1. With the crude spin-label approximation of a point 7 Å out along Cα→Cβ, what separation in nm comes out for ARG129 versus SER53?
2. Compute the label zone of SER67 within the stretch 80-102: residues whose backbone N is under 17 Å from the point 7 Å along Cα-to-Cβ.
3. Can you give me the Cα centroid spacing of the stretch 141-166 and the stretch 58-135 in angstrom?
4. Which order do the peptides 147-158, 80-91, 116-127 come out in when sorted by mean C-beta neighbours inside 10 angstrom, highest first?
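Just so it is clear, none of the values below were taken in a lab; they were calculated from the coordinates. A quick note: this is a predicted structure, and the numbers were derived from the prediction, not measured. Ideal geometry is used to build each Cβ from the backbone, glycine not excepted, and the neighbour counts take in all protein chains shown.
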Amino acid sequence: MLKGLRSLLLPAMTLMLFTTASGHAEPTNFRVGGGQFTAHIGSASTPDWLPDSGDAGISLFAEFPQSENAASRFLLYRVNGEDGARLQGGETQLMFGWGLSGPGPRAYTGPAWHYEKMQVARDSGDRYRVFNGWGWQFGLGFQFRALTFDIAATWRNPDDYNHELNRAGIRDGDVWVRNLLLSYRF
């Protein structure tokens, strides 16, 4: 987690300098950013090829606040874990909350839909499997001038994932994804 924060610090400082040096023109509400993505599937006894909290990846996203209380976000992510966990995909989020388009603190929640491909182990060799479904996301953040920092998480419906866990001889588990996000408001 600290490694992810350090990797976000340099881009954050660069963006902060850019926003301070640029003119005082009012930006739009469209945001673009990146961050650290982690996924945790199942319990502590999951096989190495399934992502857990130790497998961090990257995410890129675009967000459009329609008002102070409603916004939408599209997130692309990829994880290439050291222990063989591989997944890539996207998540669409509807956000309902407070402070979504203005400066200051923000808090939100809402439904999410994901579509991803994950490398799974089979007797015949590794192959990719598609996972998709709905979830519920929530987050907290803060906007300073044109920079926004968010900490967000999504609980996902575990049905697709539990099929893989059961196939590996492991009981059902929960599926969570977490994001540390930094964006620039254009």
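1. A separation of 2.4 nm, rounded to one decimal place.
2. 94-102
3. 6
4. So the peptides 147-158, 80-91, 116-127, ranked by packing, come out 147-158, 80-91, 116-127.
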